[in-house]
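Asker: Have a look at this one.
The values are calculated or read from the model by the stated rules, or taken from the named source; none is laboratory data. From a predicted model like this one, the values you see are computed outputs, not experimental measurements. Please note: Cβ atoms are built from the backbone with ideal geometry, for glycine as well, and neighbour counts cover all protein chains shown.
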Amino acid sequence: MGGASQGDRAGRYTSERPGPVHLELPEDVAGEETAEVPLVPPHPIELPVAPPAALDRAAEMICMARRPLTMLGAGSSRPKLVEPLSSFVRRTRIPFFNTQMGKGSVTGGSNLYMGTAALSSGDYVHRAVDYADLIISIGHDTVEKPPFIMGPEGPTVIHVGFTPASVEQVYFPHAEVIGDVGLSLALLADRIEGKLHVDPAFMGLRSEILARIRNRADEVRFPPTPQRIVHDVRKVMPEDGIVCLDNGMYKIWFARNYRTHVANTLLLDNALATMGAGLPSAMMAAMLYPDRRVLAVCGDGGFMMNSQEMETAVRLGLNVVILILEDSAYGMIRWKQAVDEFPDWGLTFGNPDFVRYAESYGAWGHRVKCTEDLVSTLEGAFKEGGVHLISVPIDYIENTRVLVEELKGSVSELETA
Ligand SMILES: Cc1ncc(C[n+]2csc(CCOP(=O)(O)OP(=O)(O)O)c2C)c(N)n1
Ligand SMILES: [Mg+2]
């Protein structure tokens, strides 16, 4: 993967956390004259290594657990961690789940994958979380909403990270292994490989959780369900294809239901979650990886916050497909209102004719009129190349049906179990 070598190169010169930096100068300072100052050249950085005592303590705790579970958080999404993380999972055979931003760091095709925490509690994956007696939390970053909530009753948590945990009411690990995460995991695996006695019933949860998540993925009703849309997008995206999400209700569905096999192939923002970011992030991905399929998935509200970037995409001659999920509403806020039993008020709006809107920028516009056409429309757009906008209506009845009512049932089932 092209990204791996870039990551390795950057990794040697960048301390954690890598990412964009915003520098701002006051106008008067920016206006001052200065002599030419040479930039300080970057020097290679070797990350600190976790002390043996911390590794021994963590290994002992893991060996005592009967239902250990690994969590892959945002900090595990580093190209250089793909191999060490996969090797840790392979060597220890401890089941794992990931956060939204930790998706792909170990392939979701693995038979130890338990799911993705798109909500903080109460989702099917939380059955595994609630049943676990120990969680090895790798790369948890508090920019993400909590993937699970700690409480006085448990679970025991070991934080493995480049940097120490930000301790708060919902996250207060009992042990920490701080240092180069790849190396920490290899040293931990050396200590625990072959010494674990995992409760076989624990793995039994996996098929149940994944079957629940697969529900309605093949349904042909029109407008299509979010589950069907995620399923069809997965069909047309190769393993290294990049899906860039804007921010709206579908992000939860993509996080839960889209199985990733390669790191950084589902780009989403689980931190500030700014609407309007989906199209520009897809444009950047298309510029960096012109040989990979790139799809922006946007809600109608979020897309219209930055839709003028279509002009840039067309001008730059990018190959990018934009899928707009039309519900003529701020669907996510409607869902939040429903969760809290508040009235549904002021959240609907009208849309332009997206096909003609795309054409007015010199892009291709398509409207999906029956569920069976979604795959062929996406496929045709990718084959044609250039900028394509595809509008598909979405049936968001599923938000309340699954993510409110069904999960309420699932939690009470769990509580009485
Ligand atoms: C700039 C910005 N404003 C407001 C929000 C709060 N917000 C989160 S999702 C959402 C609604 C998104 O609507 P849409 O893009 O149509 O997606 P849908 O949920 O309908 O699929 C809003 C208003 C935000 N995240 N970013
Ligand atoms: Mg919408």
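Residues are listed down the side, and each one gets a yes or a no for (1) surrounded by fewer than 20 Cβ atoms within 10 Å (Cβ to Cβ); (2) part of a loop (DSSP other than H, G, I, E, B):
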| site | (1), (2) |
| --- | --- |
| Pro164 | yes, yes |
| Leu188 | no, no |
| Arg191 | yes, no |
| Val198 | yes, yes |
| Arg212 | yes, no |
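Asker: Looking only at region 316-343, which residues are near ligand 2 (Cβ under 8 Å from one of its atoms) and part of a loop (DSSP other than H, G, I, E, B)?
Answerer: Asp327, Ser328, Tyr330
Asker: Name every residue in region 280-315 that is within 13 Å of ligand 2 (Cβ to nearest atom), in a loop (DSSP other than H, G, I, E, B) and more than 13 Å from Ser391 (Cα to Cα), in order of residue number. Give the derivation first.
Answerer: In the first step, residues of region 280-315 are kept if they are within 13 Å of ligand 2 (Cβ to nearest atom); the result is 297-305.
From what's left, in a loop (DSSP other than H, G, I, E, B): 304-305.
Within region 280-315, just Met305 meets the criteria.
Asker: Which members of region 93-122 meet the condition of being out of contact with any Phe, Trp or Tyr (no Cβ under 7 Å at 6 or more places or on another chain) and either of a type in the set (A, V, I, L, M) or crowded, with 24+ Cβ neighbours inside 10 Å (or both)?
Answerer: Scanning region 93-122 gives Ile94, Phe97, Asn98, Thr99, Gln100, Met101, Gly102, Lys103, Ser105, Ala118, Leu119.
Asker: Also, quick follow-up: Would you check which residues across region 330-347 are touching a residue at least 40 places away in the same chain (Cβ under 8 Å) and not aromatic (Phe, Trp, Tyr) and list them? Break it down stepwise before answering.
Answerer: Going through region 330-347, the residues touching a residue at least 40 places away in the same chain (Cβ under 8 Å) turn out to be 330-332, 334-335, 338-339.
Hits for region 330-347 are Gly331, Met332, Arg334, Ala338, Val339.
Asker: Another one. Within the group Phe254, Phe349, which residue is crowded, with 20+ Cβ neighbours inside 10 Å, modelled with pLDDT of 95 or more and within 15 Å of ligand 1 (Cβ to nearest atom)? Steps first, answer last, please.
Answerer: On the way: Phe349 fails: crowded, with 20+ Cβ neighbours inside 10 Å.
On inspection, the qualifying residue turns out to be Phe254.
Asker: Moving on to the next point. For residues in region 166-183 being in a strand (DSSP E or B) and more than 12 Å from Ala54 (Cα to Cα), which is modelled with the lowest pLDDT? Please lay out each step first, then the result.
Answerer: First pass over region 166-183, keeping only residues in a strand (DSSP E or B): 168, 171, 175-178.
Adding the requirement that they be more than 12 Å from Ala54 (Cα to Cα) leaves 168, 171.
Working: Glu168: 92, Tyr171: 95.
Taking the candidates together, the pick is Glu168.
Asker: Could you please give the count of residues in region 216-240 that are in a loop (DSSP other than H, G, I, E, B) and of a type outside the set (Phe, Trp, Tyr)?
Answerer: In the first step, residues of region 216-240 are kept if they are in a loop (DSSP other than H, G, I, E, B); the result is 216-225, 237-240.
With the extra rule that they be of a type outside the set (Phe, Trp, Tyr), the set shrinks to 216-221, 223-225, 237-240.
Here the count works out to 13.
Asker: Identify, from the list Arg259, Arg293, the residue that is touching a residue at least 60 places away in the same chain (Cβ under 8 Å), in contact with a Gly (Cβ under 7 Å, 6 or more places away or on another chain), closer than 21 Å to Ala381 by Cα and away from ligand 1 (no atom under 13 Å from the Cβ).
Answerer: So the residue among Arg259, Arg293 that is touching a residue at least 60 places away in the same chain (Cβ under 8 Å), in contact with a Gly (Cβ under 7 Å, 6 or more places away or on another chain), closer than 21 Å to Ala381 by Cα and away from ligand 1 (no atom under 13 Å from the Cβ) is Arg293.
Asker: Output the residues belonging to region 379-417 that are at pLDDT 95 or above, away from ligand 1 (no atom under 16 Å from the Cβ) and either closer than 17 Å to Arg256 by Cα or within 26 Å of the chain's Cα centre (by Cα) (or both).
Answerer: Result: Glu379, Ala381, Phe382, Val387, His388.
Asker: Hey, could you check region 142-170 for residues that are free of Cβ contacts under 8 Å to residues at least 60 places away in the same chain and of a type in the set (Val, Ile, Thr) and say which is nearest to Ala186 (Cα to Cα)?
Answerer: Val157
Asker: Of all residues in region 180-196, count the ones that are charged (D, E, K, R), touching a residue at least 12 places away in the same chain (Cβ under 8 Å) and either in contact with a Gly (Cβ under 8 Å, 6 or more places away or on another chain) or closer than 14 Å to Glu60 by Cβ (or both).
Answerer: First, the residues of region 180-196 that are charged (D, E, K, R): 180, 190-191, 193, 195.
Subsequent filtering for residues that are touching a residue at least 12 places away in the same chain (Cβ under 8 Å) retains 180, 191, 193, 195.
Now drop any that are not either in contact with a Gly (Cβ under 8 Å, 6 or more places away or on another chain) or closer than 14 Å to Glu60 by Cβ (or both), which leaves 191, 195.
Here the count works out to 2.
Asker: Now for a separate question. Assuming Asp300 fulfils every condition listed in (1) within 13 Å of ligand 1 (Cβ to nearest atom); (2) out of contact with any helix residue (DSSP H, G or I) (no Cβ under 6 Å at 6 or more places or on another chain); (3) farther than 28 Å from Arg214 by Cα apart from one, which condition is it?
Answerer: Among (1) within 13 Å of ligand 1 (Cβ to nearest atom); (2) out of contact with any helix residue (DSSP H, G or I) (no Cβ under 6 Å at 6 or more places or on another chain); (3) farther than 28 Å from Arg214 by Cα, the lone unmet condition for Asp300 is (3).
Asker: Can you find a residue in region 60-77 that is loosely packed, with under 13 Cβ neighbours inside 10 Å and either part of a loop (DSSP other than H, G, I, E, B) or touching a residue at least 60 places away in the same chain (Cβ under 8 Å) (or both)?
Answerer: no
Asker: Within region 328-340, is there a residue that is within 15 Å of Leu279 (Cα to Cα) and in contact with a Leu (Cβ under 7 Å, 6 or more places away or on another chain)? Even if it seems obvious, please write down each step before you answer.
Answerer: Going residue by residue through region 328-340, those that are within 15 Å of Leu279 (Cα to Cα) are none.
Within region 328-340, none of the residues are within 15 Å of Leu279 (Cα to Cα) and in contact with a Leu (Cβ under 7 Å, 6 or more places away or on another chain).
Asker: Determine the pairs where a residue that is part of a loop (DSSP other than H, G, I, E, B) and surrounded by 13 or more Cβ atoms within 10 Å (Cβ to Cβ), located within region 31-58, has a partner that is at pLDDT 90 or above and among the polar types (S, T, N, Q) with Cβ atoms under 6 Å apart, the partner being 6 or more residues away or on another chain.
Answerer: Ala50/Ser184
Asker: Cβ-Cβ below 8 Å, separation at least six or inter-chain, first residue in region 201-217 and among the aromatic types (Phe, Trp, Tyr), second crowded, with 19+ Cβ neighbours inside 10 Å and part of a helix (DSSP H, G or I): which pairs?
Answerer: That search, which allows pairs on different chains as well, returns Phe202/Ala128.
Asker: Next question, about the same structure. Filter region 344-388 down to residues that are touching a His at 6+ places or on another chain (Cβ under 7 Å) and in a strand (DSSP E or B) and give me whichever is farthest from Met287 (Cα to Cα). If you could, list the steps in order and put the result at the bottom.
Answerer: Of region 344-388, the ones touching a His at 6+ places or on another chain (Cβ under 7 Å) are 355, 363-364, 366, 377, 381, 388.
Pick out the ones that are also in a strand (DSSP E or B) and you get 364, 366, 388.
Working: Trp364: 19, His366: 23, His388: 16 Å.
The residue in question is His366.
Asker: In region 115-153, how many residues are in a loop (DSSP other than H, G, I, E, B) and basic (Lys, Arg)?
Answerer: Step one: of region 115-153, the residues in a loop (DSSP other than H, G, I, E, B) are 118-124, 132-133, 139-150, 152-153.
Filter once more, so that each one left must be basic (Lys, Arg): 145.
Number of matching residues: 1.
Asker: Given the conditions (1) within 16 Å of ligand 2 (Cβ to nearest atom); (2) outside any helix (DSSP H, G or I), report the number of the one that Asp269 does not fulfil.
Answerer: (1)
Asker: Hey, another quick one. Give the residue that is farthest from Cys244 (Cα to Cα), with candidates limited to residues of region 270-290 that are within 16 Å of ligand 1 (Cβ to nearest atom) and buried (at least 20 other Cβ atoms within 10 Å of the Cβ).
Answerer: Residues of region 270-290 within 16 Å of ligand 1 (Cβ to nearest atom): 270-282.
If we keep only those that are buried (at least 20 other Cβ atoms within 10 Å of the Cβ) too, we end up with 270, 277-279, 282.
Values: Asn270: 12, Ala277: 9, Gly278: 6, Leu279: 8, Ala282: 5 Å.
Going through the qualifying residues, I end up with Asn270.
Asker: Output yes when any residue across region 299-308 is surrounded by 23 or more Cβ atoms within 10 Å (Cβ to Cβ) and of a type in the set (D, E, K, R), and no when none is.
Answerer: Yes, region 299-308 contains at least one residue that is surrounded by 23 or more Cβ atoms within 10 Å (Cβ to Cβ) and of a type in the set (D, E, K, R).
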